[in-house]
2 protein chains.
Amino acid sequence: MNNIDFFHGVVFSRIIDNSPNHIEKYGGNNSFYIINNKTSIYIKYSQKRISPWTFSFAKTHIEEINKVKNGFENIFIVLVCNDNGICCLNYQEFCTVISVESNDFPKWIKARRQKGEKYAVTGSDGKLTYKIGDSDFPQKIY
Amino acid sequence: MNNIDFFHGVVFSRIIDNSPNHIEKYGGNNSFYIINNKTSIYIKYSQKRISPWTFSFAKTHIEEINKVKNGFENIFIVLVCNDNGICCLNYQEFCTVISVESNDFPKWIKARRQKGEKYAVTGSDGKLTYKIGDSDFPQKIY
């Protein structure tokens with residue numbers, strides 16, 4: 001079994017252990033899933049052992065995210081920080097740290113966390129003024 | 001995040017990547033899940049690096065499996081062999097290798113696999129005369 005099975009899997013575990021859910025893959029892409037027929041999630045993972053965790057976004061990723069976003073009520077960007085935790089961004093937060101309109105690539109998001117604290121999130125085009133908690137996920141997506 | 005989140009998660013990944021599914025936890029126990037409101041699965045994992053992988057069953061586990069079995073169409077015992085693969089037994093196969101009626105504890109199941117082959121399955125009370133393929137899961141549970 002591949003790492004992707006484990007890192008996508010840990011997202012499903014967190015979702016399912018919280019409440020019953022209908023989950024399905026979306027499209028041919030390996031990273032999009034649809035929760036309860038209405039919410040889409042895009043999963044990325046980093047296997048770095050310690051903070052900060054960095055996630056890069058190619059032009060095709062941004063295009064896919066925007067395309068999927070238009071088809072569903074919500075889209076969330078789910079960043080799996082190895083076994084440390086999950087940093088989940090809604091689309092507005094995503095657009096705060098990454099400009100989906102500018103053409104400077106590669107774009108990236110960095111999640112930084114000190115022990116016992118939440119994730120400080122910066123990106124190639126901006127930063128969040130507040131922190132994102134590991135425990136915000138999965139409640140945040142409902 | 002804990003190992004259990006990753007090892008249960010890899011089971012969910014395999015299920016979801018195969019087809020859309022409704023998945024929920026069952027009861028207070030951490031190891032039972034219900035797929036599409038009709039099939040129950042009981043997940044165990046072994047973190048041993050190489051074959052064989054051994055899974056022990058206490059009296060309470062057997063009692064829980066029998067109790068859950070009575071409530072659903074099917075129950076499957078899903079044995080996660082670290083990152084090697086998944087050995088999924090139906091209830092009849094489970095009862096072939098473990099006598100659910102005898103009172104000798106602890107009971108165990110051992111899955112042994114050579115590279116490129118399927119899992120040979122033995123248990124404290126018997127053995128399967130055929131092998132179980134990693135690729136049988138998840139189709140086997142439908």
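Mind listing the phi-derived Karplus ³J(HN,Hα) values for region B:41-55, rounded to whole Hz, using 6.51, -1.76 and 1.60 with θ = phi - 60°, and x for any glycine or proline?
Values, residue by residue: 10, 10, 9, 10, 9, 10, 9, 4, 6, 10, 4, x, 9, 10, 10 Hz.
Based on the alpha carbon coordinates of the protein assembly as shown, what radius of gyration and maximum Cα-Cα distance (Dmax) apply, in Å?
According to the Cα coordinates of the protein assembly as shown, Rg and Dmax are 20.7, 68 Å.
With unit charges on the beta carbons (Lys and Arg positive, Asp and Glu negative) and the dipole taken about the Cα centre of region A:3-141, which residue among A:98, A:123, A:11 sits farthest to the positive side?
With unit charges placed on the Cβ atoms, the residue in question is A:123.
Using the heavy atoms of the protein chains alone and a 1.4 angstrom probe, what is the accessible area of region A:3-141 per residue in square angstrom?
46
For region B:3-141, what is the charge dipole size about the Cα centre, in debye to the nearest 20, if Lys and Arg each add +1 at the Cβ and Asp and Glu each add -1 at the Cβ?
In debye, rounded to 20, region B:3-141 gives about 380.
How big is the B-A contact in terms of buried accessible area, both chains counted, 1.4 Å probe, rounded to the nearest 100 Å²?
2200
Which order do the peptides A:23-33, A:77-87 come out in when sorted by mean C-beta neighbours inside 10 angstrom, highest first?
Peptide ranking by packing, descending: A:77-87, A:23-33.
When N is the residue count of chain A, what does its C-alpha Rg come to as a fraction of 2.2 N^0.38 Å?
Ratio of Rg to 2.2 N^0.38 Å for chain A: 0.98.
Filter the chymotrypsin sites (Phe, Trp or Tyr not before Pro) in region B:99-134 to those in DSSP coil with at most 15 other Cβ atoms within 10 Å of their Cβ, and list the result.
Answer by residue number: B:130.
Quick one: Karplus J couplings for region A:115-129, per residue in order, coefficients 6.51, -1.76, 1.60, θ = phi - 60°, nearest Hz, x for Gly and Pro?
3, x, 10, 8, 7, 8, 10, 10, x, 5, 10, x, 9, 7, 8
So for chain B: antiparallel DSSP bridges make up what percent, rounded to the nearest 5?
Counting DSSP beta bridges with both partners in chain B, the antiparallel share is about 75 percent.
In region B:40-128, which GluC sites (Glu not before Pro) fall in coil by DSSP and have 14 or fewer other Cβ atoms within 10 Å?
Answer by residue number: B:73, B:101, B:117.
Which residues' amide hydrogens lie under 5 Å from the amide hydrogen of residue A:124, considering only partners 5 or more residues apart or on another chain, with H built in the peptide plane?
A:108
Can you give the FRET efficiency for residue B:101 and residue B:29, using 1/(1 + (r/R0)^6), R0 = 25 Å, r = Cβ-Cβ distance, to the nearest 0.05?
0.70
For region A:72-113, which residues drop by 50 square angstrom or more in accessible area between the chain on its own and all protein chains together (1.4 Å probe)?
Residues of region A:72-113 that lose at least 50 Å² of accessible area once the other chains are added: A:83.
In whole Å, how far is the Cα centre of region A:13-69 from that of region B:87-142?
Cα centres, region A:13-69 to region B:87-142: 34 Å.
So if we plug the beta-carbon distance of residue B:54 and residue A:60 into 1/(1 + (r/R0)^6) with R0 = 41 Å, what FRET efficiency do we get, rounded to 0.05?
0.40
So, with a 1.4 angstrom probe, what is the percent of accessible area on the protein assembly as shown that is carbon and sulfur?
44
Kindly tabulate the residues in region A:1-17 with an accessible-area decrease of at least 50 Å² between the chain alone and the assembly of all protein chains, using a probe of 1.4 Å.
A:1, A:5, A:6, A:10, A:13, A:16, A:17
The values are calculated or read from the model by the stated rules, or taken from the named source; none is laboratory data. As the structure is a computational prediction, the values presented were derived from the model and not from experiment. Here the Cβ is made from the backbone with ideal geometry for all residues, glycine too, and neighbour counts use every protein chain on show. Just so you know, the surface numbers come from the protein's heavy atoms only, side chains and all, with ligands and any DNA or RNA stripped out. Shrake-Rupley method; radii C 1.70, N 1.55, O 1.52, S 1.80 Å.
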